[in-house]
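The values are calculated or read from the model by the stated rules, or taken from the named source; none is laboratory data. Treat the numbers as computed from the prediction; the structure is a model and nothing was measured. All Cβ positions, even for glycine, are placed from backbone atoms using ideal geometry, and neighbour counts span all protein chains on display.
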């Protein structure tokens, strides 16, 4: 309880961002609000996504707040704000213009746009907002409860060999569930590990640097991650435009079907769908690497079956503009975002792109290492990492509160962003990204490194190799190698240290089984 | 059928590269072996990580070949690497190269023509510190918009100019210690 209060205190009594009427405005909540605004705007813009905004803003935030412990909560506040805002904003172009800004928003177009065509855009947006924020809130509650318990269990029962085996299992699981082929997932993992190993290690010789001076310091993480995730996506989308493959915007019909806005009984009708889909999204989100697209698809499919059985004749079917369809989709894909942080905070393993940037922020600033060690309830000595963890939970709860109160208004106001042509926007985003990289690493060489990784990200997309496993392996590779080195030494140089206990043996067996037996999720080709 | 063959070829290429790296590159370009003995104790050496990673890459190649042989051709022709993709990459590379070249040299070139001091003493003052960024940024944004639209228009470069100028001011005006490209290199 003391730690919870200290976490809340750290958020509200941290450094001031500015003073207003003589009162200091604490940086963390203010940055959360700014992040939420940015996230909703980005989510509402087709072609942009939350991780893109997180990627661009992270180097700038670090340059503003510096690399000291006090910077952690304001930086996390902004990133969490973007994450939450983008979750809500993603429904806007899907509903208003039939443009799924992200793959998981495709299901929202199925019922959202028909409602817009029938003159009920505001009603559709309100249902989407209510469902999205509910799903996100329920998922966050699951995170607050599960992450500390899981971390305590891991810390108590897993020693170094088990932790090594667990990271291996996570990587193979991510390789198996992302993309269209286990083999391609493994290629991404192996290449990510190799890229992070260049010029690292314990010997004076910079390994795998080919004797080149340019490689003798390795690849900077920011350039590599932003290159693959952001530049790769920009090149891929520009290529689509170059080929003229993108379809134009769908028109908004002016026909009306009764007054717009929520109607009596709407909330009662969508609540069961919200609860069911939130559960699905939370369970799927807790598994590293399984994206929100699968959650949205499962939530929608299950919701459609239930709706077909229970609906009255005057209610619309799923696909014809049923508010329940929007609720089932939005609650499921939003519930993924909070639960995705369960493996991050309890195990230090990022499960999606947003989590990658939270880990990157923690890694760049220092003083907070996401993983089981965070939830070490020491007394009377204070564990500062645990205070930060409860500060993060406070920020997430505050983000939900903002989303509940003003998120809907902001979401509807951002409808205008959906009209910005993506072919004009993406080159500017490229310039923003390059500038953000340069701010953190002021060398033109860093821009060339980012470009090189951008080309790699583009090639991954061409060959349908999932790009997120590459990034996750790049981040986790250092931990995997260090843990393996320590485990090997601790077991007295036992070459079979991964089989030194039944738990680690199980993890290794599961990793092998995952590779050879994992079922493929269709339609996840874009990583 | 073409798609299946492409994946088999990719798997085979990955397998060959991984085996060559395991046998040639890793032993030649790492400072310590897979396992080393220091003061009577065995430790994991620097070659272990790359060996495991290339081993995984070799396994990935085999798995991909096995998967591709057992599957029917994918329906999505867009997901491939051919002349179109390579042409696009070449154009993007040229745009990037020329834009960064412009970004690097516009400021020094103009300063060399108009002043006796050169660019370096002026790089922190207006308008000099924006010259390279705005010039190179305009070229990059305008060229990429033109590429996406398949036609070169004044509008594309106007968007590039305004976008780069607004970004320069957004980064530079509120934050004193931010360096815009290329001023950190000069």
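Going residue by residue through the range B:30-52, is there one that turns out to be over 20 Å from residue A:495 (Cα atoms) and modelled with pLDDT of 90 or more? So that I can check it myself, show each step before the final result.
Filtering the range B:30-52 for residues over 20 Å from residue A:495 (Cα atoms) gives B:30-31.
Narrowing the set further to residues that are modelled with pLDDT of 90 or more leaves none.
Scanning the range B:30-52, I find no residue that is over 20 Å from residue A:495 (Cα atoms) and modelled with pLDDT of 90 or more, so the answer is no.
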Self-check item: Selection within the range A:457-472 - closer than 20 Å to residue A:58 by Cβ and at pLDDT 90 or above
Solution: A:457, A:470
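Does residue A:8 satisfy the criteria of being part of a helix (DSSP H, G or I) and either within 14 Å of another protein chain (Cβ to nearest Cβ) or surrounded by fewer than 24 Cβ atoms within 10 Å (Cβ to Cβ) (or both)?
yes
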Exercise. Considering (1) under 23 Å from residue A:328 (Cα atoms); (2) part of a helix (DSSP H, G or I), say which one residue A:46 fails and leave the rest.
Key: (2)
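Could you list, in sequence order, the residues of the range B:31-51 that are assigned to a helix (DSSP H, G or I) and surrounded by fewer than 22 Cβ atoms within 10 Å (Cβ to Cβ)? Walk me through how you get there before you give the answer.
Residues of the range B:31-51 that are assigned to a helix (DSSP H, G or I), as a first pass: B:48-51.
Passing the criteria: only B:51.
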Self-check item: Pair list, Cβ < 9 Å and 6+ apart or interchain, from the range A:196-207 residues that are on the phi > 0 side of the Ramachandran plot and within 8 Å of chain B (Cβ to nearest Cβ) to residues that are surrounded by fewer than 16 Cβ atoms within 10 Å (Cβ to Cβ) and not in a helix (DSSP H, G or I)
Solution: A:201/B:31
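Based on what the data block shows, is residue A:353 modelled with pLDDT under 80 and in contact with a helix residue (DSSP H, G or I) (Cβ under 7 Å, 6 or more places away or on another chain)? Please lay out each step first, then the result.
Values: modelled with pLDDT under 80: yes; in contact with a helix residue (DSSP H, G or I) (Cβ under 7 Å, 6 or more places away or on another chain): yes.
For residue A:353, the condition - modelled with pLDDT under 80 and in contact with a helix residue (DSSP H, G or I) (Cβ under 7 Å, 6 or more places away or on another chain) - is met.
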Self-check item: Index of the failed condition, residue A:138 passing every other in (1) within 14 Å of chain B (Cβ to nearest Cβ); (2) surrounded by fewer than 24 Cβ atoms within 10 Å (Cβ to Cβ)
Solution: (1)
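Within the group A:293, A:312, A:282, A:329, which residue is outside any loop (DSSP other than H, G, I, E, B) and at pLDDT below 85? Let's see the steps before the verdict.
On the way: A:312 fails: outside any loop (DSSP other than H, G, I, E, B); A:282 fails: at pLDDT below 85; A:329 fails: at pLDDT below 85.
Exactly one residue qualifies, and that residue is A:293.
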Quiz item: Out of curiosity, is residue B:124 out of contact with any helix residue (DSSP H, G or I) (no Cβ under 9 Å at 6 or more places or on another chain) and either more than 17 Å from residue A:454 (Cβ to Cβ) or not in a loop (DSSP other than H, G, I, E, B) (or both)?
Solution: yes
Self-check item: Qualifying residues in the range B:36-55 (those that are within 7 Å of chain A (Cβ to nearest Cβ) and free of Cβ contacts under 8 Å to residues at least 24 places away in the same chain) - the one farthest from residue A:207 (Cα to Cα)
Solution: B:41
Quiz item: Pick from the range B:137-186 the residues that are assigned to a loop (DSSP other than H, G, I, E, B) and more than 27 Å from residue A:443 (Cβ to Cβ): which of them is nearest to the other protein chains (Cβ to nearest Cβ)?
Solution: B:150
Exercise. Please determine, by comparing only the residues of the range A:172-205 that are closer than 17 Å to residue A:474 by Cβ and not in a helix (DSSP H, G or I), which one is modelled with the lowest pLDDT.
Key: A:179
Quiz prompt | Residue that is farthest from residue B:176 (Cα to Cα), among those in the range A:420-441 that are in a helix (DSSP H, G or I) and free of Cβ contacts under 8 Å to residues at least 40 places away in the same chain | solution = A:424
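From the list A:455, A:374, A:420, A:387, pick out the single residue that is within 14 Å of chain B (Cβ to nearest Cβ) and touching a helix residue (DSSP H, G or I) at 6+ places or on another chain (Cβ under 7 Å). Let's see the steps before the verdict.
Values: A:374 fails: within 14 Å of chain B (Cβ to nearest Cβ); A:420 fails: touching a helix residue (DSSP H, G or I) at 6+ places or on another chain (Cβ under 7 Å); A:387 fails: within 14 Å of chain B (Cβ to nearest Cβ).
Only one candidate passes the filter, namely A:455.
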Exercise. Please state which one of B:86, B:90, B:101 is surrounded by fewer than 16 Cβ atoms within 10 Å (Cβ to Cβ), over 30 Å from residue B:184 (Cα atoms), more than 9 Å from chain A (Cβ to nearest Cβ) and modelled with pLDDT of 90 or more.
Key: B:86
Quiz item: Which numbered condition trips up residue A:455, out of (1) crowded, with 20+ Cβ neighbours inside 10 Å; (2) in contact (Cβ under 8 Å) with a residue 60 or more places away in the chain?
Solution: (1)
Exercise. Filter the range B:129-161 down to residues that are surrounded by 20 or more Cβ atoms within 10 Å (Cβ to Cβ) and out of contact with any helix residue (DSSP H, G or I) (no Cβ under 8 Å at 6 or more places or on another chain), then give me how many there are.
Key: 0
